[in-house]
Structure formats: C-alpha cells, structure tokens
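The structure under discussion appears below in the form of structure tokens.
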Amino acid sequence: MTAGRRAAEQGGPRVELVAVGLGNPGQEFAGSRHNYGAEAVRLVARRHGASLRPEKGTNAETAVVRAGGKGLLVAVPQTYMNDSGLAVRALWRRYLGPSASPEQLVVVHDELDLAPGDVRVKMGGGTAGHNGLRSVQAHLHTSEFARVRIGVGKPSSRGSGVDHVLRRPSKRDREALEVATELAADAVEAIFTGGMAAAMNRFNTRS
C-alpha cells in the first residue's frame, strides 16, 4: 500500500504541499531549457537527502521530505511535457484531495518571458504558450495554482520557441540558469515554510 493510499484511508492529506517540476524524460532532453523546472525540484529533494523514485499510478518520480513537522511532496512527471497534467492530476488526487487549496500545488517551469536566470513566483495566470502548463490546466480544470517561473529568455526569432526550449543553453546562459535552479529550489522551500505571500515578496522584488 502506498503512503498516499494510507493517508487517504486515514482521512487526511499525506503532505501539505506538492511541488512538481516540469520537463521531458530521457537523456536527449537532459540539460535543455525546458527541463530546468524538473532540475529545481530534484535539487530540493537532494537538499533533504531524498531521491525521487517512480511511483506506480502517478506517471511521476516522487519523494516526500519533511521540515517543521510538515510534509512536502516533490515530483517530476515521466510523461512528455505536453502530457504533464496526467501526472499532476494523479498526484493531486492521491496526496491532496478534493478539499485542497490551489496554493498547495506549486508547478516549477521554464519561462520565455523572463531573462535567463530570473526567477519569479506567482499565483494563477495563463500559460503563455507553455504546453506543460496548458496540460496541467486542462487536467485540473483550473489555472489557480502556484508557479515558480525560471527565465530562459526569448528565442532569436518569432516562431522558434519550440526549438529554443528544447536546445541546451549557451555557456553564459547555462551559468545563469544554474544559479536560477538554486533560486527556484529556494522558492519552493520558501513557499513550503512561509507561504505564497512571503515567497512572492522575497523573489519578485529581486533586481
């Protein structure tokens, strides 16, 4: 019996927060701009001495970490980006349940509208053409969940966004994105320990 099913049978959530890092599975996509959300969530797990492992029935790799008596589920979908919502919906149902607040779900993702290395926290909003966010919204039937956005910059020409996010960044951008990965992990932990308002105030006022 999984930890999530035990929690459901006990009548309460297993965790207080679910953080999902978006990306594409497989070595061919490793290090691409589209995968920095997943990398940030994996970093949160490593900081707490946890390893993400496949969890049956969720289409995701997961780990539960604890701090201050609270539980945080960190997860990386093992679907391709366009189907991320399949995993997020399964995790929501297993670990949070119908009475959960949207603030209990944080999606960490790459963002074309931010400069490489910028990190911002927001609640709700549109997809800005991000297929992973579009899938999450479609499967949850809401856009009102928290996001940690990792800037990867705009492509050099219109219409080349897909190629841009699937390519590995330049050395200069990669250095900025490595710092941003640390900041995004900090942001997830800040939401977990202090809530959305404090996290937005901390990360959205950075220069």
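Only the coordinates and a few stated rules stand behind these numbers; no lab work does. Just so it is clear, the model here is predicted, and its values are computed rather than measured. When we count neighbours, we look across all protein chains shown, and the Cβ atoms used for this are built from the backbone with ideal geometry, even at glycine.
Listed by first and then second residue, the pairs with beta-carbon distance under 7 Å, at least 6 apart or on different chains, first residue in region 111-134 and under 19 Å from Thr79 (Cα atoms), second assigned to a loop (DSSP other than H, G, I, E, B) and polar (S, T, N, Q), are Leu133/Thr127; Arg134/Thr127. The set of residues in region 15-35 that are polar (S, T, N, Q) and not in a helix (DSSP H, G or I) comprises Asn24, Ser32.
Looking only at region 82-98, decide whether some residue is free of Cβ contacts under 8 Å to residues at least 24 places away in the same chain, among the hydroxyl-bearing types (Ser, Thr, Tyr) and over 15 Å from Ala45 (Cβ atoms). Checked region 82-98: no residue is free of Cβ contacts under 8 Å to residues at least 24 places away in the same chain, among the hydroxyl-bearing types (Ser, Thr, Tyr) and over 15 Å from Ala45 (Cβ atoms).
Listed by position, the strands (runs of 3 or more DSSP E) inside region 36-97 whose residues that are among the hydrophobic types (A, V, I, L, M, F, W, C) number at least 1 are 60-67, 70-77. Screening region 110-159 for residues that are of a type in the set (Val, Ile, Thr) and touching a strand residue (DSSP E or B) at 6+ places or on another chain (Cβ under 8 Å) and picking the one that is farthest from Thr205 (Cα to Cα) gives Val136.
Each residue in region 40-77 was checked for being over 14 Å from the mean Cα position of the chain (by Cα), at negative phi and in contact (Cβ under 8 Å) with a residue 60 or more places away in the chain, and 4 pass.
For region 111-126, a residue qualifies if it is under 14 Å from the mean Cα position of the chain (by Cα) and either crowded, with 16+ Cβ neighbours inside 10 Å or not in a loop (DSSP other than H, G, I, E, B) (or both), and the qualifying residues are Glu111, Val119, Arg120, Val121, Lys122, Met123. Taking residues in region 28-39 that are within 15 Å of Val119 (Cα to Cα) and free of Cβ contacts under 8 Å to residues at least 24 places away in the same chain, and partners anywhere that are aliphatic (A, V, I, L, M) and buried (at least 24 other Cβ atoms within 10 Å of the Cβ), not one pair has Cβ atoms closer than 7 Å while being at least 6 places apart or on different chains. As a summary of the residue check, Ala185 satisfies the conditions (1) part of a helix (DSSP H, G or I); (2) farther than 25 Å from Gly69 by Cα; (3) under 16 Å from the mean Cα position of the chain (by Cα) except for the one numbered (2).
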